[in-house]
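Taking it in order: structure first as structure tokens, then the write-up.
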Amino acid sequence: MNQLKATGSYTLLSIATLIIMVGTLVAPGLIGISEALGVADNAILLITLPALGAVLFAPLSGKLIDKFGAYYCVVIGLFLYGFIGASVYWLNGPAAVFTNRVLLGGVTSAVMAGSTVLISQWYTGKARLNMIAKQGMAIEFGGVLFLFVGGILATHYWAMPLTLYLLAWIFLIMLFLFVPRNSPAEKVSETTEQIIKPKALSLKGVYLMALFSMSVFFTAFVLLPVAMHREGYDEQQVGTLLASISLVAVVAALFMSKVVKLLGELKVLSVAFICYGIAYFLFLQMATPSLVIGAIICGIGFGFTVPLLNHMTVELSPAKVRGRNLSYFTMAIFSGQFLTSFIEYIPGGINNIWLSGVTFCVIISIILLATSNRAAK
């Protein structure tokens, strides 16, 4: 039974908002920031390198969480997140700036995995699934909110968006005030574990689905600005469409636990990849109505995958190795994000990528559905 007060729950959700924004925060003012930091020739790396850092440091983060406890790792992670994120203001040149971004991503992996472990320690059963769904909502909401605020701040001075990294210190104070250091021992019976644990997908399968989902989701974010610009859409229209995808993902995550109860984990994942495939097909059309409908369906796909896969990782992980397993999940998530950096090298142009994505998503959906039906027999 949950013993954490509302302020503590709100604190854990607030921490989750920092995860996606780690790289995307600089996107609205990317040109000005990259020029000021002396990395204008490789500006895109300011966005993608934190994802690489999260991948590289995730195993270490997991070991530290299991050895020293999630609470202490989140405390240190939040402090370093604010310090490393904001301190890039005083750096210049590729070597120093890009090292800073990689380290920031590494710290983010500890914050993400550690905060999820804290949720798993304070919540069980349905309450845990609901809370992790809310965590997924908070992650996406953070992306929308900080992109919007960062864009406003960037219009005043190139470095002002960097101050948002210091929110981690505010959340650190909230952690000290509202989340007790010692969480209650988990009291989940063997019977309950048998009910809530997914039977048909291993941890490696969960990680693979997380990698696939994040790759498909972020590919849309990489391709849509380019494709829409070619069709004459302006920056505001592109930004609005991308923000709407994230907002829909927030709403979808809210209903995810109810849909899982109705269909089961694997069928929900199958539906999610079908949603991705339909969205890609609609993006191929490039007409305004198809873009809007595609954005809605793409957001549903994300809201039905990442929060659910996060929960499945928790349920498949014994408490003593939960930090390590969640760090691998973090690695899968950020690997999917980082791999989209190379999407432009796929031959055949953007239309070929959309079509390939449709085929890929349909195949994954069929495999998940077949696995679900086989497990049910």
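Where a number appears in this text, it was derived from the coordinates with a stated rule and is not lab data. On a predicted model such as this, the values are computed, not experimentally measured, just so you know. Methodologically, a virtual Cβ is constructed for each residue, glycine included, from the backbone with ideal geometry; neighbour enumeration extends over all protein chains shown.
At 0.36 nm per residue, and after removing the present C-alpha to C-alpha distance, how many nm does the segment from Ala127 to Ile170 gain when stretched out fully?
12.9 nm
Using a Förster radius of 51 Å, what is the FRET efficiency between Asn42 and Ala376 based on their Cβ-Cβ separation? Nearest 0.05, please.
It comes to 0.55.
Taking the convex hull of the alpha carbon atoms in the chain, what volume per residue do you get, in Å³?
In the chain, the Cα convex hull volume per residue is 126 Å³.
In deg cm²/dmol, rounded to 500, what helix-only [θ] at 222 nm does the chain give when every DSSP H run of at least 4 residues adds -39500 (n - 2.57) and the total is split over its residues?
So the calculated ellipticity at 222 nm is -26500 deg cm²/dmol.
Three principal axis extents, largest first, for the C-alpha atoms of the stretch 1-194, in Å?
Principal extents (Cα only, largest first): 57, 31, 29 Å.
Using the Karplus curve 6.51 cos²θ - 1.76 cosθ + 1.60 with θ = phi - 60°, what ³J(HN,Hα) values do you get for each residue of the stretch 218-225, in whole Hz, with x for Gly and Pro?
Whole-Hz 3J(HN,Hα) from phi for the stretch 218-225: 6, 4, 4, 5, 7, 7, 4, x.
What is the stretch 220-377 by shape, rounded, prolate or oblate, if you read a ≥ b ≥ c off the alpha carbon gyration tensor as root eigenvalues and call it rounded for a/c under 1.5, prolate for a/b larger than b/c, and oblate otherwise?
Prolate, since a/c reaches 1.5 and a/b exceeds b/c.
Beta carbons within 10 angstrom, averaged per residue: use that to sort the peptides 319-332, 283-296, highest first.
Output ranking for 319-332, 283-296: 319-332, 283-296.
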